[in-house]
1. Looking only at region A:214-221, decide whether some residue is within 18 Å of A:F87 (Cα to Cα) and either open to solvent by less than 30 Å² (accessible area, probe 1.4 Å) or of a type in the set (A, V, I, L, M) (or both).
2. Given the condition among the acidic types (D, E), loosely packed, with under 14 Cβ neighbours inside 10 Å and in the same structural domain as B:L197 (by TED's automatic domain parsing), answer yes or no: does some residue in region B:54-65 qualify?
3. Going through region A:183-226 one residue at a time, which ones are farther than 30 Å from A:S125 by Cα, charged (D, E, K, R) and facing chain B (nearest Cβ under 8 Å)?
4. Given (1) among the small types (G, A, S); (2) within 14 Å of chain A (Cβ to nearest Cβ); (3) open to solvent by 50 Å² or more (accessible area, probe 1.4 Å), identify the lone condition not met by B:G136.
5. Which count do you get for residues in region A:240-292 that are in contact with a Pro (Cβ under 8 Å, 6 or more places away or on another chain), of a type in the set (V, I, T) and within 20 Å of A:V220 (Cα to Cα)?
6. Looking at A:T296, A:T257, A:T290, which is the one that is within 14 Å of chain B (Cβ to nearest Cβ), open to solvent by 40 Å² or more (accessible area, probe 1.4 Å) and within 19 Å of A:R345 (Cα to Cα)?
7. What do you reckon, is B:A161 of a type in the set (A, V, I, L, M) and either more than 18 Å from the chain's Cα centre (by Cα) or open to solvent by less than 20 Å² (accessible area, probe 1.4 Å) (or both)?
Amino acid sequence: MASITLDGLAHTYRPDPRGPQDYALKEIDHVWRQGGAYALLGPSGCGKTTLLNIISGLVVPTRGRILFDGRDVTRLPTEARNIAQVFQFPVVYDTMSVRENLAFPLKNRRMPREAIARRVEEIASRLDLTPVLDRKASNLTADAKQKISLGRGLVREDVAAILFDEPLTVIDPHLKWQLRSSLKELHRALDLTMIYVTHDQTEALTFADTVVVMHDGAVVQTGTPEELFERPAHTFVGHFIGSPGMNVLPAQVEGRTAHVGDVAIALDRAYPALPKGERIELGVRPEFATLAAPGTGLPVTVTRIEDIGRARIARIEIAGNPAAAMVPEELSLDGDRAGLTLDPRQVHIYADGVLVPGVPAPGEAAGREGAA
Amino acid sequence: MTLELDHVSRSVRGVPHIRDVSLRLERGSLNVLLGATLAGKTSLMRLMAGLDVPSSGRVRVEGRDVTGLPVKKRSVAMVYQQFINYPSLTVYENIASPLRVAGLSRAEIEERVAAAAGLLKLEPYLGRTPLALSGGQQQRTAIARALVKRADLVLLDEPLANLDYKLREELREELPRIFASTGAVFVYATTEPTEALLLGGQTAALLEGGVTQFGPTADIYRRPANLATARVFSDPPLNTLRVTRQAHTVLLENGTVLPARGALARVPDGACTIGVRAHHLEVEDIAAAERAPGGDGLIRLGATIAVTEVTGSESFLHMDMGETRLTALVGGVRRLEPGAPVEVLIDPRHILLFDADGRAIAPARDAAAA
Amino acid sequence: MDKPVNNRAWLLVAPVFLIVAFSAIVPIMTVVNYSVQDTFGNNQFFWNGLGWFQELLDPSTELGGRFLDALWRNLLFSAIILAIEVPLGILVALSMPREGWKVAATLVVMALPLLIPWNVVGTIWQVFARADIGLAGWAINALGIDYNYTGDPLAAWITIVVMDVWHWTSLVALLCYAGLKSIPDAYYQAARIDGASRWAVFTTIQLPKMKRVLLIAVLLRFMDSFMIYTEPFVLTGGGPGNATTFLSIDLVKIALGQFDLGKAAAMSLVYNLIVLALCWVFYTVMTNTGTERRQEENPA
């Protein structure tokens, strides 16, 4: 059990880094709380795997320190770190039975035989592996193999943290649900620090209490799923989280009105101090943009309507800019003209991609604070 | 062309891989093969391509029997889950390679490659080699190479599975448009129900080597003909309840007795199964909410929360009702503690009803409107 | 993968059957014909029935004893070769670099001995190991060890074994290297996290994953060493005495040296049958491991 502290961590794979662009991981300070469920979310090449490898001890960072419970482990090898890891592709020892697989880390650490047997039984029953304990590990399905890899981490009582590197990649959708809920249940029952690396927002958001979004080697936002969803700190977060992602439209802001082309959009907050000369954009999630009959709200053009089963999503154009909006169940449209209503509290303004907090309008501030 | 599979089966060393599949794929159509890993998607594609020969049944193209005709003599292109390109050739040469093999004139090759590259937004990368590209661009190259042949049949075997979530979303959005611009028969295998819905076209639901249903994608999602299809085509998994009709009441497996009125009047005598999709379950926190007065026609079931998953905009609530696990997808952020007692509300209009053999019972129009 | 049933395929392979018939079956029938006859030259043949075979399989006869001795020599040689080359090949493969320019350099150096024709290898070692002018032979003698492969059977054996190890260990190493390269990094990482020792990594990950290529290596090396001819023929000519007279060498001695075509024919047939039987054993072992493997990959 441990909290993990990243202290000014940075890493480059180049021997002669010339600038920040040469760093796979730009400076990071972060504390992973003991017992927390974290997700590290970002596209491939964003540095999340590098960070994971630094935590597990496979990579020694160029700069900075990593502390487990205040103890500097920056240069400690993997095996001395009390961490466990589940990989993208199931790693099982082919020649061994499930029982031997689970016992392997304990055997290597020379634990007494009876203690191993007891511990293996206990973890197997937690993971529903008891019926297959004596089967050969290589003959099992991918999801069972992933459970074995996880089990090899869990059997160790000294484990401080479990790292997951896109563990559901090779699992079928309906099994993903099962495996994900059993992970959550385990986390709750065992009070372990878990760090889950993925490019899949649904996996990250549903698994974690705190999601760390990475982009280009840097952390762009850390927050709860709600925070990431409702107040993306960066247009990248808005785009990356949500399906479809946030609508980001070039805008000009005057007082409490934003202009997208010739369409005027009312804002909930004022932005008196917008930096000059920077790219100003307006961001609103499709979930807060609802299509309506022509004449209501903003005029838009509908290019296509997608039916995803439980909802319909309209691909629209606002003053020539592509965007997405939700289509209410009862709405039916003739032709490609429609109206669009936005929830003003969920309309955000970004300068050069970064969220501008804005000033709540006087008089309304008290009433809106709680809601926003 | 039209491709017809007529009672096709295939066994390998006595193990059936494909069981009695009959499908008719029309010219210019997009057909999704939806099923879990090992459901037979790839096996079926190999039969369509002519890479394998069926143990029984016939394969026809434009009515002509081509069973046993090798793949070389058919007009087929294939895209795989792995990004398969010639690593030493540029993107341009990769796309042009099937045309060079076919011995087309220089001018024609140039024209076709330019068209395919334009369609897949590859123009800026034509001079690079595949390994210098992102996964998305590599797969675009592979798709372009498949399209440039103008094959009659284009098979895509989970083409987006190895891509990042966002890249997948981007390419998935473009694919229907790309497919529509050619006249070929497209067959697209996927494990993800959402992907099938987004692609549209027709879907064949596969389970254990057999097609459980084939029809327009939205139709078979809304009106599955059987329990197997409903299960294959549900993400999150379909919630199922076993019920028994006794005269004027319907008895649920957990002992709840409901009057057989409204949508439940359709429940036939004896045992059957009710299926409800996750987004059709409403959940009320018993501790917090005052009980709404009865008589609103909703089915109410008691359950306990097992796990909650919050995505920021929605919440997945996994609940236990006796031995049955229920999953609800509800809007907004609902953080309910495990063990919390809740009431699950089901609007009877949204239920799917299956008889003891798993066949859908008179699909109600109300349910279809869901 | 199963091939479709197609009877036309037989028609297409018919020419191959014809060629094989003329190139293999007809000569073999000639050998069978010789094996039941005796000859004293002048192209005169006498019927001998199964006489040669009886003699061959009876160790108390001159021919039988000779055959058994040579057979033992062959088996001993193959056993020694495998016992040295397989572990050594694995060891070399394990210590080969995994990335960088060194990979290409190592591979080229490793491949070099494999590119040299057998008789050249024999000649190289014949000169190299000579006690009077050979570098190795001279050096060993200079160290005070009495070494002369033309006179001392043990020295002759050691020379042939060392020569074969030099020539063929690369093959085993390269095969093992290919097997090792196919193991994903995640396995090594997992093993480190599980606290596995270097030896445990070898026995639980590397060896199981190398099993298939190792089988191929063992098969190739066994077959090849069991049929060894050229190198000892060039190096020692089967001597000193009969110390390095393997079956193939003895066969040539009888057939061309003594012109006992009947004996030689019977001997070559039995030799052939032994090789076939061993082939079959290996084939069975290998296909069994193969099916296990397929079931693993396709649990359905």
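1. No: region A:214-221 contains no residue that is within 18 Å of A:F87 (Cα to Cα) and either open to solvent by less than 30 Å² (accessible area, probe 1.4 Å) or of a type in the set (A, V, I, L, M) (or both).
2. So far as region B:54-65 goes, yes, one or more of its residues are among the acidic types (D, E), loosely packed, with under 14 Cβ neighbours inside 10 Å and in the same structural domain as B:L197 (by TED's automatic domain parsing).
3. Passing the criteria: only A:E226.
4. For B:G136, the failing item is (3).
5. The total comes to 2.
6. When all the criteria are applied, what remains is A:T290.
7. Taking the combined requirement at face value, the residue does not satisfy it.
Residues are listed down the side, and each one gets a yes or a no for (1) within 14 Å of the chain's Cα centre (by Cα); (2) within 13 Å of another protein chain (Cβ to nearest Cβ); (3) farther than 30 Å from B:I299 by Cα:
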| residue | (1), (2), (3) |
| --- | --- |
| B:L167 | no, yes, yes |
| B:T182 | no, no, yes |
| B:V185 | no, no, yes |
| B:T191 | yes, yes, yes |
| B:L197 | yes, yes, no |
| B:L206 | yes, yes, yes |
| B:T212 | yes, no, no |
| B:L227 | no, no, no |
| B:V232 | yes, yes, no |
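The values are calculated or read from the model by the stated rules, or taken from the named source; none is laboratory data. None of the values given here were measured: they were computed from a predicted structure. We place every Cβ from the backbone using ideal geometry, glycine too, and count neighbours over all the protein chains shown. When the accessible area is computed, the model is the full protein with side chains, heavy atoms only, and any ligands, DNA or RNA have been set aside. Shrake-Rupley method; radii C 1.70, N 1.55, O 1.52, S 1.80 Å.
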